[in-house]
Amino acid sequence: LRQVFSYLEPLDLLRMSRTTKALRSLLMGKSSSGVWGRARLRMEGLPPMLEDLSEPEYANLLFDSHCHNCLKGATKYVQWQIRMRLCKECLESGIM
């Protein structure tokens, strides 16, 4: 499975990890960090990897679209300094 996963993009891996407990366990384990890293390196124009985030955490912050505070979808504001994606309302409310 890891060989197949190595051809996916980070968002695909993130979505796969949310389908079953077994896939989550496999993809979120440290032994799968190489799969995530290869997926990230194949994509051009990404911000540099952050040392304090795991590959899945980085992919979640970069590619997932939900607000990390209220879980509203279609959120586009990434606050890199606090490692959160926030919707306009949460951002304006001063959650930071």
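The values are calculated or read from the model by the stated rules, or taken from the named source; none is laboratory data. Just so it is clear, the model here is predicted, and its values are computed rather than measured. In case anyone asks, the SASA skips ligands and DNA or RNA and just uses the protein heavy atoms, side chains included. Shrake-Rupley method; radii C 1.70, N 1.55, O 1.52, S 1.80 Å.
How big is the C-alpha Rg of segment 30-96 next to the rule-of-thumb value 2.2 N^0.38 Å, as a ratio?
Dividing the Cα radius of gyration by 2.2 N^0.38 Å gives 1.19.
What value in Å³ per residue do you get for the convex hull of the alpha-carbon atoms in segment 1-70?
In segment 1-70, the Cα hull volume divided by residue count equals 98 Å³.
Please report, as a whole percent, how much of the solvent-accessible surface of the chain comes from carbon and sulfur atoms (probe radius 1.4 Å).
Answer for the chain is 54 percent, counting heavy atoms of protein chains only.
Taking only protein heavy atoms into account and a 1.4 Å probe, give the accessible area per residue of the chain in Å².
64
Determine the calculated [θ] at 222 nm for the chain from helices alone, applying -39500 (n - 2.57) to every DSSP H run no shorter than 4 residues and normalising by the residue count; nearest 500 deg cm²/dmol.
-11500 deg cm²/dmol
Which number gives the lysine pairs in the chain that have C-alpha atoms under 27 Å apart and are eight or more places apart or on different chains?
4
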